[in-house]
1. Just tell me how shielded B:100-112 is by partners: mean number of partner chain Cβ atoms within 10 Å of each residue's Cβ, no decimals.
2. Can you figure out the FRET efficiency of B:MET55 with A:CYS13, using R₀ = 45 Å and their beta-carbon distance, to the nearest 0.05?
3. Over 25 Å between Cα atoms: which of A:LYS65/B:LYS70; A:LYS65/B:LYS36; A:LYS7/B:LYS36 fall into that group?
4. Return the average number of partner chain Cβ atoms within 10 angstrom of each residue Cβ along peptide A:37-49.
5. Enumerate cysteines in the protein assembly as shown without a disulfide-compatible partner, where compatibility requires another Cys Cβ under 4.7 angstrom.
6. List the residues of region A:42-71 whose backbone N lies under 15 Å from a point placed 7 Å from the Cα of A:GLN24 along the Cα-to-Cβ direction.
7. In Å, the Kirkwood hydrodynamic radius of chain A over pairs of distinct alpha carbons?
8. Just to compare against my own numbers: the Cα pair-distance distribution for chain B, 5 Å bins, whole % per bin, please.
Amino acid sequence: SAVISQKPSRDICQRGTSLTIQCQVDSQVTMMFWYRQQPGQSLTLIATANQGSEATYESGFVIDKFPISRPNLTFSTLTVSNMSPEDSSIYLCSVWDSEVQETQYFGPGTRLLVL
Amino acid sequence: GEDVEQSLFLSVREGDSSVINCTYTDSSSTYLYWYKQEPGAGLQLLTYIFSNMDMKQDQRLTVLLNKKDKHLSLRIADTQTGDSAIYFCAESIRGGGNKLTFGTGTQLKVEL
C-alpha cells in the first residue's frame, strides 16, 4: 500500500491567515483527494487534485477558499485561505492506489485549530 | 442520492464479538469499505467488499453485504481493547478512482 505523509501534523492559526498543507506519497498515484473532518463529524470530500490541471471541487467548496496544487504524481498541497474558527478541522489527504485498485489510503491528517 | 448511516456508539466486553452496522441508499455503489480511526490518528483501511459479493472474511473481520436491503455489517471476532476506535463505512459509486461517501462513524468501546 502507498505510504502517505502530511505536513504539518497540527497547527494553531489566527483568523484571517492562510495555511498550506502538504501531502507526499512514496509512489506515483493516479488520483489524490483532500477531505475535511470537522470535530466529531464524518469525512467530507473537498476536491480531487488532478495532476496537470485544475482541481475538481465538490459542492460547497471553492478554489478561492481551498486552492490546491498537484505539480506531480507524488505530491499535492491544500491551502486553507482567510481562515475562520469554522475551518478548525482535520484535513486528510488520500490516494487511489492504482496497483491495488479500488482502494483508497489516507494520510495521518493535519489537525488545524483556528483562533 | 448518497446517504450512509451508522449507529453512533457500540460497547462490548473484551473477548466478545462486535457487530457494526451501516446502511446506504445508493444502489449504484460498487465498492463498500470499512475504515478504522484511532484517537489522534488518520484512517486505516480495514477491508472492502465488491457489491456482487455477499461476504468477505479476513482473519477476525467478517463483512456481510445485503444488497437488497442496502445493509453492510462488520463483525469483529474476539474483540480486544486495541479495537477501540471509530469505525467508518464508506461507499464508492464507480470504484476507488472516484470519491468516497462516508458514514457517520460508530464509536466502539471495548470494556474489560
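1. Numbers: counts 8, 4, 7, 2, 3, 5, 0, 1, 0, 0, 0, 0, 0.
Mean partner-chain Cβ count within 10 Å for B:100-112: 2.
2. Values: r = 46 Å, r/R0 = 1.03.
E between B:MET55 and A:CYS13, to the nearest 0.05, is 0.45.
3. Details: A:LYS65/B:LYS70 36 Å; A:LYS65/B:LYS36 29 Å; A:LYS7/B:LYS36 21 Å.
Long pairs (Cα-Cα over 25 Å): A:LYS65/B:LYS70; A:LYS65/B:LYS36.
4. On the way: counts 6, 0, 0, 5, 3, 11, 10, 3, 5, 0, 1, 3, 0.
Shielding by partners across A:37-49 averages 4.
5. Result for the protein assembly as shown is A:CYS13, no neighbouring Cys Cβ within the cutoff.
6. A:71
7. Numbers: mean 1/r = 0.0712 Å⁻¹.
About 14.0 Å, per the Kirkwood formula over Cα pairs.
8. Final binned percentages: 2, 13, 24, 25, 19, 10, 5, 1, 0.
Bear in mind these aren't lab numbers, they're just calculated from the coordinates by the rules spelled out. As the structure is a computational prediction, the values presented were derived from the model and not from experiment. Reconstructed Cβ throughout: ideal geometry from the backbone, glycine too, with neighbour counts over all protein chains shown.
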